[in-house]
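Colleague: Below is the structure I would like to discuss, written out as structure tokens.
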Amino acid sequence: MPAATIGPELQRLIDLLAKMPGLGPRSAKRAALYLLKKRDPVMRPLAFALDDAANKVKACSVCGNWDSIDPCAVCADTDRDGSILCVVQDVGDLWALERAGAHKGRYHVLGGLLSPLDGIGPDDLNLGSLIARAKAGALSEIILALPATVDGQTTAHYLTEHLETSGLNVTRLSQGVPVGGELDYLDEGTLAAAMKSRRPF
């Protein structure tokens, strides 16, 4: 498209939208056009919400969750089991577990995974505060809810080694056949994990 067709303000909007995950240049142009057509019901409230979030939302100093209060609402919830800590890669994983109602304890967000190939080491993640929480003496179990990838397994092994002296029960999520899954459609890695994780019926 010729440069004169799109003004600098609109081009800047498109360029910024294109940086969002799942939005390429064409999708960003469609999104920009939609926003311009819906200025009052969508675009202006969105701009306000973005500004509000940029100024008020921060990482929880305890667990790393995003919230406008510190400690976050999850950490401040006195009904949660403070003896069980679930370690996740990112805040999206925390939200997924909460959506499923699968965990009633506390969380710790690493902010990524160890990845030597990408230059991500222990100092780049929220690992120091996790070790400190483990040594504080209030925990009985740490659940490693990390992805079953090479980087996820590397991170899990690193954490297991550094937590073994704490005397805590360190567990990980079960891996294998999903509910409703048919064996014929599963990949070899999932089937192998399911066989290793088998249990009495």
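The values are calculated or read from the model by the stated rules, or taken from the named source; none is laboratory data. Note that the structure is a prediction, hence the values are computed from the model and not measured. In this analysis, Cβ positions are derived from the backbone assuming ideal geometry, glycine residues included, and neighbour counts consider all displayed protein chains. Ligands, DNA and RNA are stripped out before the accessible areas are found, and what is left, the full protein with its side chains, is counted by its heavy atoms. Shrake-Rupley method; radii C 1.70, N 1.55, O 1.52, S 1.80 Å.
Colleague: Can you give me the three principal axis dimensions of region 160-201 from its C-alpha atoms, in Å, biggest first?
Modeller: 42, 22, 15
Colleague: For region 75-85, just list the computed ³J(HN,Hα) in residue order, Karplus coefficients 6.51, -1.76 and 1.60, θ = phi - 60°, integers in Hz, with x standing in for Gly and Pro.
Modeller: 5, 7, 6, 6, 7, 7, 7, x, 8, 10, 10
Colleague: Let me ask something additional. Which cross-chain or sequence-distant (5 or more) residues have an amide H under 5 Å from the amide H of Tyr107, H modelled 1.01 Å from N in plane?
Modeller: Long-range HN contacts for Tyr107: Cys86.
Colleague: Would you list His157, His162, His108 from the most to the least accessible area, probe 1.4 Å?
Modeller: His157, His162, His108
Colleague: Please work out how much accessible surface Val42 shows to a 1.4 Å probe, ignoring ligands, DNA and RNA, in Å² rounded to 10.
Modeller: Solvent-accessible area, nearest 10 Å²: 40 Å².
Colleague: Over region 112-164, what lengths in whole Å, largest first, do the semi-axes of the equivalent ellipsoid take, defined as the square roots of 5 times the eigenvalues of the alpha-carbon gyration tensor?
Modeller: With the √(5λ) rule applied to region 112-164, the semi-axes are 21, 13, 8 Å.
Colleague: Here's a follow-up. Out of Ala148, Ala47, Ala156, any idea which swings most in a Gaussian network model of the chain, alpha carbons joined below 10 Å?
Modeller: Ala47
Colleague: If you don't mind, there's one more thing I want to ask. If each residue of separation counts as 0.36 nm, what is the full-extension length gain between Met43 and Ala148 once their alpha-carbon separation is subtracted?
Modeller: Gain in length upon complete extension: 33.9 nm.
Colleague: If you average 1/r over every pair of different alpha-carbon atoms in region 1-63 and take one over that average, what Kirkwood value in Å do you get?
Modeller: Hydrodynamic radius (Kirkwood, Cα pairs) of region 1-63 is 13.3 Å.
Colleague: Then there's this: For the chain, what does the relative contact order come out to in percent, with C-alpha contacts under 8 Å and a separation of six or more?
Modeller: Relative contact order of the chain: 13 percent.
Colleague: Report the extension gain between Ser83 and Arg30 in nm, rounded to one decimal, defined as 0.36 nm multiplied by the number of residues separating them, less their alpha carbon distance.
Modeller: Length gained, Ser83 through Arg30: 14.3 nm.
Colleague: Could I ask something else about it? What is the projected area of the convex hull of the Cα atoms of region 1-158, averaged over all directions, in nm²?
Modeller: Hull-based average projected area comes out at 12.7 nm².
Colleague: Excluding Asp67 itself, what net charge comes from residues whose Cβ is under 12 Å from its Cβ, given Lys and Arg +1 and Asp and Glu -1?
Modeller: So the surrounding residues net to 0.
Colleague: Which ³J(HN,Hα) values in Hz, rounded to whole numbers, follow from the phi angles of region 86-100 under the Karplus curve 6.51 cos²θ - 1.76 cosθ + 1.60, where θ = phi - 60° and Gly and Pro get x?
Modeller: For region 86-100, the Karplus-derived couplings read 9, 9, 10, 6, 9, 4, x, 5, 4, 4, 5, 5, 5, 4, 7 Hz, x marking Gly and Pro.
Colleague: If you don't mind, another one. Taking one equal scatterer on every alpha-carbon of region 92-201, how large is log10 of I(q)/I(0) by Debye at q = 0.14, 0.20 1/Å?
Modeller: For the requested q values the scattering log ratios are -0.69, -1.24.
Colleague: Give the aspartates and glutamates whose C-alpha is closer than 12 Å to that of Lys58, dropping any in the same chain fewer than 8 places away, or say none.
Modeller: Leaving aside aspartates and glutamates fewer than 8 places away in the same chain, those within reach of Lys58 are Asp67, Asp70.
Colleague: Note down the net charge around Arg80, summing +1 for each Lys or Arg and -1 for each Asp or Glu among other residues with Cβ under 15 Å from its Cβ.
Modeller: Neighbourhood net charge equals -3.
Colleague: Same structure again: Can you check what the net charge comes to around Ile14, using other residues whose Cβ is under 13 Å from the Cβ of Ile14 (Lys, Arg +1; Asp, Glu -1)?
Modeller: Every neighbour counted, the sum reads +3.
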